[in-house]
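The values are calculated or read from the model by the stated rules, or taken from the named source; none is laboratory data. This is a predicted model, so every value here is computed, not measured. Heads up, the Cβs are rebuilt from the backbone with ideal geometry, glycines too, and the neighbour counts pull from every protein chain shown.
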Amino acid sequence: MAPPGMNLPPPPGVPQQPAAPVIPNAADDPFGAMNAMAAVGTVQRAPEIVIVNDGKPVENVGAGGKGAAIAKIAIPAVGALVVGLAIGQIAKKNSFYNEGLKDAKAILGDAKSPSTVVAVKKSLSKLDGILDEAKTKNGLAPDTALGADLTKMALELDVKSEIVFRAKQNALDSDLSGQILSFYAGVAEVKGMIDTHNKSAKFDEMALADAKKNKDKATLTEGENGYLAGQLKYGVLLSAPTDEERSEFGAKIVEIAGVYCGGGANPVAKCPEGEGPSGFAYRNDPGSTPIKGDLATSGSDSVPTKKVVMLLENGVRNALIKGGDPGVSEFFYTRRLRAIAERTKKLIEQANKLEGDLQKESSKGSKFSFFM
C-alpha cells in the first residue's frame, strides 16, 4: 500500500483504474466541493427501476405479449385466405362453365368441319337421299352403282373421335352430354350397317349375277315375240272341265312362244306392219310343239278358260325365275338396305334435336374467370 500522499502506479497485470476526481475542501471552497460531488453522482448514478403490478403472474407476461402480436397478424391473414379460397372456387366454377360453352361450339361445328354434328347430319341427309332415290327407282334392288355410293358414304360417316371427343364433355350438362354420346353411337351403328352390307353384297355378287342371267333368259325378246318383248315368257293357262271336254280344274304354268298372224299355221315373232296377232303360241312342256291360244288382256271377276294370263311381278315369281340362292341373296340385300334407310331417318331426327340444343347452349354468354 502506498504511503499517504504518494500516487504509485498499479503492479503489472492489474488494470489501471481511472483517477477519482479531486473534491475541494468544502470549508475552503463550498461551491467547488458541491459541483465536484454532483459530477461524481452523475457518472455513478444507478439506473432507476419502476415496478408496475398488473395482477398477472410473472410467467404469463411474456407469453401474453407474443400471443397478442401473433393474433394481430394471423386473424387478417386467415380472413384473406378464406376470401381468396371463395373467390378461387367461384373462378373455377366459371372456368368450368366457360369450357362447357367452348365444347358445345366445338361439337356443333359446321358443314365444313369433319365429324361435327352439322357435318355428320349433312352426310346422313345425303345418304337418306341416295336410298330414297334407289327405292323409287327399283325398290332397293341390287345395283352396282348404289353399292359404290354406299361405299363413299361409309367413308363420310367415319367419325374421328380425336376431333369430337377432345372436348371436355364433362363440362356440359349431363342430358346434353348423353344426347351427344347417343347420336355418335347411332352414327357408328349406321356406318357398321353399311360396312356389313357391302361385305355381304360382295359375296352375293355371284348369285345376283346368276339371277340376272336367269331373268334375261326368262324375258321375251323382239326376236321371240315382238308384241310381248320385255315381259316374262311364262304365263298361266286356266283350265276347267266343260260338258264338251273333260279337263282338270286349275291353272298351268306355260311358256309363251311367238304369235299367230292371220290364218298362218306356224307362230312367228312379229306380225307384218299394221297387222295384229290372231293368237299366241304357248307350250306345256319345254321344247314341245306350240299350241295356239288366246291372251287375256283384261280382267273381270271371272276369267275364261283356255286363255293365257301373264304373270304379275312379285317376290315369289322373281324367286322362281331367278333361282333359289339368287332369290334369297336379293331378299336379304333389299332387307339390309331398308334397315339402313329406316335407321338413317331416325338418326336425322335425333341430329335435328341435338343441333338445336347445342346451338342454345353455345349461345350463352361466358362468365368471368381468372382461368380464362
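In summary, strands (runs of 3 or more DSSP E) completely within the stretch 237-312 and bearing 2 or more residues that are among the aliphatic types (A, V, I, L, M) occur at 250-261, 291-295, 307-310.
Residues that are under 30 Å from Thr151 (Cα atoms) and of a type in the set (Val, Ile, Thr): does the stretch 194-208 have at least one? Yes, that holds for at least one residue.
Annotation note: Cβ proximity below 6 Å between a residue of the stretch 216-233 that is modelled with pLDDT under 80 and a residue that is of a type in the set (Lys, Arg) (sequence gap 6+ or interchain) occurs for Gly226/Lys270.
Are any residues in the stretch 160-208 within 30 Å of Val316 (Cβ to Cβ) and at pLDDT 75 or above, and if so, which ones? So that I can check it myself, show each step before the final result.
Residues of the stretch 160-208 that are within 30 Å of Val316 (Cβ to Cβ), as a first pass: 193-194, 196-208.
Scanning the stretch 160-208 gives Met193, Ile194, Thr196, His197, Asn198, Lys199, Ser200, Ala201, Lys202, Phe203, Asp204.
Residues in the stretch 277-306 that are out of contact with any Phe, Trp or Tyr (no Cβ under 8 Å at 6 or more places or on another chain) and either on the phi > 0 side of the Ramachandran plot or modelled with pLDDT under 80 (or both): Gly287, Ala296, Thr297, Ser298, Gly299, Ser300, Asp301, Ser302, Val303, Pro304, Thr305, Lys306.
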